[in-house]
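Novice: Here it is: the structure, laid out below.
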Amino acid sequence: MTIAIGTLFNNGAVVCADTKVVASDGATTMDNKVFASLSPKGRMFLIADAAEDANAAKMLGGEISSAICDAKHPYNLGSVIKPVMTAWHSSYHHFQPPNLQFLIASVVVGDKRGQVFVCEPPSTVAYGWPIAIGRGARVVEPRLLILSSYPKESLDAKSVLLRLAYLMYLAKKDEGSACGGDTNTFVISTMGSIAWIEQKEMKEAENLAEEMDSFLVGTIDKVIGHSQEYFGQKLSDTLAAVSEKYKKFEFPSLKMLETIVMPKKEGTK
């Protein structure tokens, strides 16, 4: 009952999730579903969950986090995560465990790229990016390609955040019964820095996404159902105005990436 998305950019990884929590009786609350951790071994990672049982997700998420921190090798983390999930799943014995999914993004300070993968008990660990989990995933999955870089394009953090804001807007619009509230977003970089993007910044980006979506829908409406008189010039002017807003948009919280919190360790590639 959520939407969480994880992806990479040219120097790190980003994970975001909504804050809406819907209980089994339909009651709605707000809670954080994205957590950041730093390992003394030079690894930084983010974990988001999509779960039927929020408490079970937090407990198992904490155990997965500890396993990642203790891992001797920085890659192929599935080998340390699977035993933790299997043990948790087996502890229910004759009862059906709640459905849980975890989206994890990991970077090793000093490396060129990070990793994104999804985990699901008892033993699924699948690598790849971008990844979406939760009810809202079915809305955004057909559009996840916008998070992939095009030929000769180097995706920076700002570009990725703007694209994520568009996807989060779509998920909240089309799956409002399960997705909503604010958007919590963390960015980690291979330089050893981390940034929490303020909720108001993501909200403003999602508002801009709504404006762009309205423009796109209006364009389709005009093309297939109205007179073409002066249409070309109006379309060009509106597109230019929306594009200019995107060019000027800034995420002040990204300045946190300028502060190194985990220096590169000797011997790191």
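The values are calculated or read from the model by the stated rules, or taken from the named source; none is laboratory data. Since the model is a prediction, treat every value here as computed from it, not as a measurement. So basically every Cβ, Gly included, is an ideal-geometry build from the backbone, and we count neighbours across all protein chains shown.
Novice: Only one of these conditions is not met by Val140: (1) aliphatic (A, V, I, L, M); (2) surrounded by 19 or more Cβ atoms within 10 Å (Cβ to Cβ); (3) free of Cβ contacts under 8 Å to residues at least 12 places away in the same chain. Which number is it?
Specialist: Among (1) aliphatic (A, V, I, L, M); (2) surrounded by 19 or more Cβ atoms within 10 Å (Cβ to Cβ); (3) free of Cβ contacts under 8 Å to residues at least 12 places away in the same chain, the lone unmet condition for Val140 is (3).
Novice: Going through the range 195-217 one residue at a time, which ones are outside any helix (DSSP H, G or I) and surrounded by fewer than 21 Cβ atoms within 10 Å (Cβ to Cβ)?
Specialist: Hits for the range 195-217 are Trp196, Glu198.
Novice: Another question, then. I'm trying to understand the selection: among the residues of the range 132-169, which are among the β-branched types (Val, Ile, Thr) and at pLDDT 95 or above?
Specialist: Correct list: Ile133, Val139, Val140, Val160.
Novice: Out of the residues in the range 96-109 that are in a loop (DSSP other than H, G, I, E, B) and in contact with a Pro (Cβ under 9 Å, 6 or more places away or on another chain), which is nearest to Val187 (Cα to Cα)?
Specialist: Of everything passing the filter in the range 96-109, Val109 is nearest to Val187 (Cα to Cα).
Novice: Can I ask one more? Would you be able to tell me the number of residues in the range 136-165 that are of a type outside the set (A, V, I, L, M, F, W, C) and either part of a helix (DSSP H, G or I) or touching an Asp or Glu at 6+ places or on another chain (Cβ under 8 Å) (or both)?
Specialist: Looking only at that region, the number is 8.
Novice: Scanning for something farther than 16 Å from Lys33 by Cα and modelled with pLDDT under 95, does the range 177-188 turn up at least one residue?
Specialist: Yes, some residue in the range 177-188 is farther than 16 Å from Lys33 by Cα and modelled with pLDDT under 95.
Novice: Looking at Ser90, Ser159, Ser123, Ser148, can you tell me which residue is over 24 Å from Ile68 (Cβ atoms) and either exposed (fewer than 14 other Cβ atoms within 10 Å of the Cβ) or in contact with a His (Cβ under 6 Å, 6 or more places away or on another chain) (or both)?
Specialist: Among Ser90, Ser159, Ser123, Ser148, only Ser148 is over 24 Å from Ile68 (Cβ atoms) and either exposed (fewer than 14 other Cβ atoms within 10 Å of the Cβ) or in contact with a His (Cβ under 6 Å, 6 or more places away or on another chain) (or both).
Novice: Please list, ordered by residue number, the strands (runs of 3 or more DSSP E) wholly in the range 1-95 having 1 or more residues that are modelled with pLDDT under 90.
Specialist: Once the strands (runs of 3 or more DSSP E) in the range 1-95 are filtered for at least 1 residues that are modelled with pLDDT under 90, what remains is 20-22, 28-30, 34-39, 43-51.
Novice: Scan the range 14-33 residue by residue and report those that are touching a Ser or Thr at 6+ places or on another chain (Cβ under 7 Å) and under 17 Å from Trp196 (Cβ atoms).
Specialist: Correct list: Val14, Cys16, Ala17, Asp18, Met30, Asp31, Asn32, Lys33.
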